[in-house]
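Q: Handing you this structure, nothing more for now.
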Amino acid sequence: MKVFTDDWAKGLKDAINSNKNYKAAASWWEGDFVFVVTPSGNLKKEVKVFVGLYHGACTDARVLKAGEAVKAEYIYAGDYESWVKILKQQLDPIRGLLSGQFKLTGDMAKVLRATKAAQELVVSTTLIKGAEFL
């Protein structure tokens, strides 16, 4: 399955929910995300992935349809090639923010307190069986 597709998002939900380290690191976390992947490299159109997160569990994960709006506390946006670096664990998501490769809409201080949870979200992406880059 290709990254940033509906099947990948379903796999992400399952991977997050099976990651005991994420559950522990994010036991206090409340806040949904929309991950925005802007075109670059092999990605030709923008993709938005909604990820519902609540107290160490993923409540929902899906690719949003064009024009679909959802309420999320955070928007984390970057280009496809930068996302690939995160998914390959070559770039930490917090470092990506601090270096300007990603932009965050939402409470930055809260996100910075959740560094371990962010790292475990990335680890969860590596647990998705059959995931392939575009």
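The values are calculated or read from the model by the stated rules, or taken from the named source; none is laboratory data. On a predicted model such as this, the values are computed, not experimentally measured, just so you know. No Cβ is skipped: glycine too gets one built from the backbone with ideal geometry, and neighbour counts run over all protein chains shown.
Q: Yes or no: Asp79 within 15 Å of Ala15 (Cα to Cα) and either at pLDDT below 95 or not aromatic (Phe, Trp, Tyr) (or both)?
A: no
Q: Quick check on this structure: which one of Val63, Val123, Val36, Val111 is within 13 Å of Val3 (Cβ to Cβ) and of a type in the set (Val, Ile, Thr)?
A: Selected residue: Val63, the only one of Val63, Val123, Val36, Val111 that is within 13 Å of Val3 (Cβ to Cβ) and of a type in the set (Val, Ile, Thr).
Q: Hey, another quick one. Do you know which of the residues in the range 52-91 that are in contact with a strand residue (DSSP E or B) (Cβ under 6 Å, 6 or more places away or on another chain) and among the small types (Gly, Ala, Ser) is nearest to Leu127 (Cα to Cα)?
A: Here the residue is Ala61.
Q: OK, next. Which one of the conditions (1) more than 12 Å from the chain's Cα centre (by Cα); (2) of a type outside the set (A, V, I, L, M, F, W, C); (3) under 22 Å from Asp6 (Cα atoms) does Gly106 fail to meet, given that it meets all the rest?
A: Of everything listed in (1) more than 12 Å from the chain's Cα centre (by Cα); (2) of a type outside the set (A, V, I, L, M, F, W, C); (3) under 22 Å from Asp6 (Cα atoms), Gly106 misses just condition (3).
Q: State whether the residues of the range 50-71 include one that is in contact with a Phe, Trp or Tyr (Cβ under 7 Å, 6 or more places away or on another chain) and of a type in the set (Lys, Arg).
A: Yes, because at least one residue in the range 50-71 is in contact with a Phe, Trp or Tyr (Cβ under 7 Å, 6 or more places away or on another chain) and of a type in the set (Lys, Arg).
Q: Could you check Val3 against (1) modelled with pLDDT of 95 or more; (2) more than 10 Å from the chain's Cα centre (by Cα); (3) more than 18 Å from Val123 (Cα to Cα) and say which number it fails?
A: That leaves (3) as the condition not met.
Residue-by-condition table, conditions (1) in contact (Cβ under 8 Å) with a residue 24 or more places away in the chain; (2) surrounded by fewer than 17 Cβ atoms within 10 Å (Cβ to Cβ); (3) over 18 Å from Lys13 (Cα atoms); (4) out of contact with any Cys (no Cβ under 8 Å at 6 or more places or on another chain):
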{"residue": "Glu46", "(1), (2), (3), (4)": "no, yes, yes, yes"}
{"residue": "Gly67", "(1), (2), (3), (4)": "no, yes, yes, yes"}
{"residue": "Ala72", "(1), (2), (3), (4)": "yes, no, no, yes"}
{"residue": "Gln89", "(1), (2), (3), (4)": "yes, yes, yes, yes"}
{"residue": "Ala109", "(1), (2), (3), (4)": "no, yes, yes, yes"}
{"residue": "Arg113", "(1), (2), (3), (4)": "no, yes, yes, yes"}
{"residue": "Glu120", "(1), (2), (3), (4)": "yes, no, no, yes"}
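Q: Considering only the range 1-38, state which residues are out of contact with any strand residue (DSSP E or B) (no Cβ under 9 Å at 6 or more places or on another chain) and hydrophobic (A, V, I, L, M, F, W, C).
A: Ala24, Ala25, Trp28
Q: Next question. Counting just the residues of the range 48-61 that are surrounded by 18 or more Cβ atoms within 10 Å (Cβ to Cβ) and not hydrophobic (A, V, I, L, M, F, W, C), which one comes out nearest to Val34 (Cα to Cα)?
A: Selected residue: Lys48.
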